[in-house]
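Input: a single structure, listed below in structure tokens.
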Amino acid sequence: MQNKQPAPDDALAEHPLDYSDPELRAYTEEQAEDMLDTVVHYMPVVLPVMGALLIFMLAFIAVFMA
């Protein structure tokens, strides 16, 4: 039995701009942005704050359970 469908990468390479849904095409062309780039700028603040909050919560649990 042979695989009749192309691999996903091959299928995408053949028709990179063909979309069956016009809303998907509009989203990918106009509104799509890399989600990672929007979050990376907050990481130097968010990670230490969340780490401090986690340490505080663990210490509170340890004192409460003792």
> Tell me, what HN-Hα J-couplings in whole Hz come from the Karplus equation 6.51 cos²θ - 1.76 cosθ + 1.60 at θ = phi - 60° for each residue of segment 52-66, using x for Gly and Pro?
Replying inline: 5, 5, 5, 5, 4, 5, 5, 5, 5, 5, 4, 5, 5, 7, 6
> According to a simple spin-label model (label point 7 Å from Cα along Cα-to-Cβ), what is the distance in nm between Thr38 and Ala59?
Replying inline: 3.5
> Which of the chymotrypsin sites (Phe, Trp or Tyr not before Pro) across segment 34-66 are loop residues per DSSP, with 16 or fewer other Cβ within 10 Å?
Replying inline: Tyr42
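Each reported figure results from applying straightforward, stated rules to the coordinates on display, with no laboratory input. Being a predicted model, the structure only gives us computed values, none of them experimental. Neighbour counts are summed over all protein chains in view; Cβ atoms, including those assigned to glycine, are modelled from backbone coordinates with ideal geometry.
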